[in-house]
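Trainee: If you scroll down you'll find the structure; I have some questions about it.
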Amino acid sequence: MGRPRKYSREYVVWQNMKRRCYTPTNPGYEYYGARGITTCIEWRDSFDAFLADMGRCPDGYSIERKNNDLGYFPGNCVWATKTEQQRNTRTTKIRMSDLLDIKRRHLAGETKAQIARSYKVSFPTIFNALKLCT
């Protein structure tokens, strides 16, 4: 028979998504709600609307925003594996247009750690970006 609907995987994802966006005491709020990440009105107000748009969550998947600077809404969300999600984080993405600036700053004497902090990415991301520039 399975779990009651209100405890389904999709329901838990829906509740956690809303908590990250709208509950300042939630540990993830600073990375979501405080950055302006919200849900569309339909998803915020209705689990049924969320489920109709997203469908059932496959085993081993969780919700993923295609564009991390935008909120949760149809067209920006898919079910994705952890590996897929790790490729789409602010700590692993550097725009190609930033590579020359990173190289220039490094040649001017800034450390990789300083550059990483200013771009709000991880040290390995800057290290790899500099390897692309050589």
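Rule-based calculations on the coordinates, nothing more; no lab input. Bear in mind that the values here come from a model prediction, so they are computed numbers and not experimental data. Glycine gets a Cβ as well: all are built from the backbone with ideal geometry, and neighbour counts include every protein chain shown.
Trainee: Quick one: net charge around residue 61, please, counting Lys, Arg +1 and Asp, Glu -1 for every other residue with C-beta under 11 Å from its C-beta.
Mentor: Numbers: positive: 9, 56, 82; negative: 10, 59, 64, 84.
Neighbourhood net charge equals -1.
Trainee: So if I restrict to the alpha-carbon atoms in the chain, what is the Rg, and what is Dmax, the biggest pairwise distance, in Å?
Mentor: Every Cα atom of the chain included, Rg and Dmax give 18.4, 64 Å.
Trainee: Where in the chain are the helices, taken as whole DSSP H runs, whose Cα atoms extend 18 angstrom or more along the long axis and whose Kyte-Doolittle mean reaches at least -1.0?
Mentor: Numbers: long enough: 9-22 (20 Å, -1.33).
Helix filter hits for the chain: none.
Trainee: Residues of the stretch 14-40 with backbone nitrogen within less than 13 Å of a virtual label 7 Å along the Cα-to-Cβ line of residue 76, please, listed as ranges.
Mentor: 21, 32-40
Trainee: Within the set of other residues whose C-beta is less than 12 Å from the C-beta of residue 42, count the net charge using Lys and Arg as +1 and Asp and Glu as -1.
Mentor: Numbers: positive: 44; negative: 45, 48, 53.
Local net charge: -2.
Trainee: If the limit is 28 Å between Cα atoms, which of 18/131; 66/120; 18/112 go over it? Walk me through the numbers before you get to the answer.
Mentor: Values: 18/131 39 Å; 66/120 19 Å; 18/112 36 Å.
Exceeds cut-off: 18/131; 18/112.
Trainee: Where a Cα-Cα gap under 12 Å defines reach, which aspartates and glutamates qualify for residue 103, not counting those fewer than 8 residues away within the same chain?
Mentor: Reachable aspartates and glutamates: none.
Trainee: How much net charge surrounds residue 111 when only other residues with a Cβ under 10 Å from its Cβ are counted (Lys, Arg +1; Asp, Glu -1)? Show your work: numbers first, answer last.
Mentor: On the way: positive: 105, 112, 117; negative: 110.
Local charge sum for residue 111: +2.
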